[in-house]
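Bear in mind that the values in this text are calculations on the coordinates, not laboratory data. Predicted, not measured: the structure shown is a model, and the values here were computed from it. Glycine also receives a Cβ, built like all others from the backbone with ideal geometry; neighbour counts cover every protein chain displayed.
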Amino acid sequence: MLAVKFYEDVKDELLRFAVVIAKHDGKWVFCKHKERETLEFPGGHRETGELILETAKRELMEETGAVKFEIRPIYMYSVTGKTRVNETGEESFGGLFYAEIASFGEIHSEMEKIVLCDALPENWTYPEIQPALLKEAERRGFGV
């Protein structure tokens, strides 16, 4: 069982991930990884020396091919429990962002394709995490 918590502020050096809830022309933007049949929000690991906002922008561009977009932070979150990217299960922190994508180019990542959806998918890659992040974002007025 995973626990997701939300924070107004977290020390920058603790933020290891960036996740981006994105829309294009009113549709949700999801990524389909080449090795999975599920859908996920764009996002990924922060690189050394990178600002968390830069991580979010880089991951959005790499995983969706977004060329022109507006992005802004929503809040910080943490996940406690073992996941594919957290073998220890200790609390790990990330930043959640919201983006409106105006145009796309090529995808330069492990993603096979992007999927534009009117409704939310049932086949989430992280079903205990992604819906919780989206619910909190919507509660805060993002993604509505």
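Could you sort 16-22, 1-7, 50-56 so that the peptide with the highest average Cβ count within 10 Å comes first and the rest follow in order? Could you put the intermediate results ahead of the total?
On the way: 16-22: 24.0, 1-7: 13.1, 50-56: 18.0.
For the peptides 16-22, 1-7, 50-56, the packing ranking is 16-22, 50-56, 1-7.
Can you work out ³J(HN,Hα) from phi for every residue in segment 131-138, in order, using Karplus 6.51 cos²θ - 1.76 cosθ + 1.60 and θ = phi - 60°, giving whole Hz and x for Gly and Pro?
Those phi angles translate into x, 5, 4, 5, 4, 5, 4, 5 Hz.
Of the DSSP beta bridges with both residues in segment 3-138, give the percent that are antiparallel, rounding to the nearest 5. The partial results should precede the final answer.
Values: 32 of 41 bridges.
Of all bridge pairs located within segment 3-138, approximately 80 percent are antiparallel.
For residue 58, what charge total do you get from the other residues with a beta carbon under 13 Å from its beta carbon, if Lys and Arg give +1 and Asp and Glu give -1? Write down the numbers at each step before the final one.
Values: positive: 46, 57; negative: 47, 50, 54, 59, 62, 63.
Around residue 58, the charge tally is -4.
Of 57/82; 27/82; 11/135; 11/32, which ones are farther than 28 Å apart at the Cα? Walk me through the numbers before you get to the answer.
Values: 57/82 26 Å; 27/82 31 Å; 11/135 23 Å; 11/32 31 Å.
In this structure, 27/82; 11/32 lie more than 28 Å apart at Cα.
What 222 nm value per residue comes from the helices of the chain, counting each DSSP H run with n ≥ 4 as -39,500 (n - 2.57) and dividing by all residues, nearest 500 deg cm²/dmol?
Values: 2 runs with 23 residues, N = 144.
Helix-only estimate at 222 nm: -5000 deg cm²/dmol.
Skipping prolines and chain starts, which residues have an amide H placed within reach, meaning under 5 Å, of the one on residue 115, given they are 5 or more residues away or on another chain?
30, 31, 32
Summing Lys, Arg as +1 and Asp, Glu as -1, what charge do residues with Cβ under 12 Å from the Cβ of residue 5 carry, residue 5 excluded?
On the way: positive: none; negative: 8, 91, 136.
Here the count lands on -3.
Order 36-45, 68-77 from most to least packed using the mean count of other Cβ atoms within 10 Å. Kindly include the intermediate steps, with their values, before the conclusion.
Working: 36-45: 19.1, 68-77: 16.1.
The most tightly packed comes first, giving 36-45, 68-77.
At a 10 angstrom cut-off on C-beta neighbours, averaged per residue, how do the peptides 91-98, 106-113 rank from highest to lowest?
Working: 91-98: 21.2, 106-113: 13.6.
Peptide ranking by packing, descending: 91-98, 106-113.
With an 8 Å cut-off on Cα pairs and a minimum separation of 6 or more residues, tell me the relative contact order of segment 3-138 in percent.
Details: 291 pairs, mean separation 47.7, N = 136.
About 35 percent, as a whole number.
Starting at the first residue of segment 81-91, write each ³J(HN,Hα) from the Karplus equation 6.51 cos²θ - 1.76 cosθ + 1.60 with θ = phi - 60°, in whole Hz, x for Gly and Pro.
Listing the rounded values in order: x, 6, 9, 4, 9, 9, 6, 7, x, 5, 4 Hz.
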